[in-house]
1. DSSP loop (so not H, G, I, E, B), at most 14 other Cβ within 10 Å: list which chymotrypsin sites (Phe, Trp or Tyr not before Pro) in the stretch A:107-154 pass both filters.
2. Could you derive backbone 3J(HN,Hα) for the stretch B:68-74 from the dihedral phi with the Karplus parameters 6.51, -1.76 and 1.60 (θ = phi - 60°), listing whole Hz in sequence and x where the residue is Gly or Pro?
3. Kindly point out which whole DSSP H helices in chain A project their C-alpha atoms 20 angstrom or further along the helix axis while averaging a Kyte-Doolittle hydropathy of -0.5 or above.
4. Hey, what angle do you get for helix B:108-118 against the long axis of chain B, alpha-carbon based, 0 to 90 degrees rounded to 10?
5. Taking the alpha-carbon distance from A:LYS149 and a cut-off under 17 Å, which aspartates and glutamates remain once sequence neighbours fewer than 8 residues away in the same chain are dropped?
6. Pick from A:SER78, A:SER144, A:SER55: which is most flexible by mean-square fluctuation in a GNM of chain A where alpha carbon atoms under 10 Å apart are linked?
7. Once you have the Cα-Cα distance between B:ASN90 and B:GLU47, take 0.36 nm times their residue separation minus that, and quote the gain in nm to one decimal.
8. With springs only between Cα atoms under 10 Å, which of B:PRO33, B:PRO80, B:PRO62 fluctuates most in a Gaussian network model of chain B?
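Values in this text are rule-based calculations from the coordinates and carry no lab data. What you see is a predicted model, and the numbers here were worked out from it, not measured in a lab. Every residue, glycine among them, receives a Cβ derived from its backbone with ideal geometry; neighbour counts consider all protein chains shown.
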Amino acid sequence: MRWIGTLGLLSLLALPVQAAIDPFEFDHPEQRQRYHALIDELRCPTCQNQNIAESNATLANDLRQRVYTMVMDNHPDSEIRNFMVQRYGDFVTYRPPVKPLTWLLWFGPFVALLIVTIALAIWIRQRNAEPPPQIDATDRERLSRVLAKHSGDS
Amino acid sequence: MSPKRKRSLLLGLPLLGFVAVLVVLGSGLGRDPSLLPSVLIDRPLPEFQAQRLDDPEQWLSPADLHGDIALLNIWATWCPTCYQEHTFLNTLRERNVAIYGVNYKDDREAALNWLSQLGDPYRFNIDDPEGQLGIELGVYGAPETFLLDAQGTIRYRHVGALDEAVWEREFLPRIRQLEPQS
């Protein structure tokens, strides 16, 4: 009966099974790769926050079909991406293009970082430029007395 | 600048930045994120060749929609909101609004039945059984209604049911702008 246990343990080593059934056939592995890269990158307009690879919406299905046809017709990736953007807008791509409308999105964080760095530098310089607090002669004498007394304690 | 003023400026700037961020983010709060702007505004209707729903012998192209300021309504019998919207489309028809339809990813028989039972507000319907014209138009959910000018240029798109409120708020002002000044 020991072999059953061994078998059970061995089954834990099984690789996760790819459950997705790909209804499409490709002539080259390169086409399959392009197809998958594209549907991963395109966002489903109906079911937001899913790409068209994940979504079960009929529209996502139609768009996968269209991407497949275009890949098989040897359209370059950029053309397929443009095709979608021209119909569904920048929304369909998870990588928005750099243009005046998206400048804030792309460069905003760096600008904010720059501003904060400059502000921090100014603040630190100012703090260092401040003269150290002054104490007068009587205070200084008192201080050295206290310090002398306590250094004797330890 | 006195140190005191400098200090208040240093403290004030982040506050100002914070308020700016609040305003920007706050303005987005009221918006419905599921409404996507159409990229086709002010562009001509995309090229297509499609059959007429009630007469498959007849092939339609964008030129068939030229001539009048018109609505292009994307609908299907499987779409509950389209059912809800249909009465208002009939009303618009009575007001002599030109409406063309795209029967989107639907069954021809079912669609013709629907029109004979609920009334037919359309000048004609374009049959789009595979949703190919839908993709050209960037349709992502029926019903959608496009406003076309007399040259067949897309002027506006509304996603969701058309009703009196939407009609008066979004469509009428645009139609008045498009109409030739007399």
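1. Values: sites: A:PHE107, A:PHE110, A:TRP123; in loops: none.
Sparse-neighbourhood loop chymotrypsin sites (Phe, Trp or Tyr not before Pro): none present.
2. Karplus-based 3J(HN,Hα) across the stretch B:68-74 equals 10, 5, 8, 9, 10, 9, 9 Hz.
3. Details: long enough: A:58-72 (21 Å, -0.04); A:103-129 (37 Å, 1.36); A:137-153 (25 Å, -1.08).
Long hydrophobic helices here: A:58-72, A:103-129.
4. Result, in degrees: 80.
5. A:ASP139, A:GLU141
6. Residue with maximal mean-square fluctuation among A:SER78, A:SER144, A:SER55: A:SER144.
7. Values: separation 43, 0.36 × 43 = 15.48 nm, distance 2.78 nm.
That works out to 12.7 nm of additional length.
8. Of B:PRO33, B:PRO80, B:PRO62, the most mobile in the Gaussian network model is B:PRO33.
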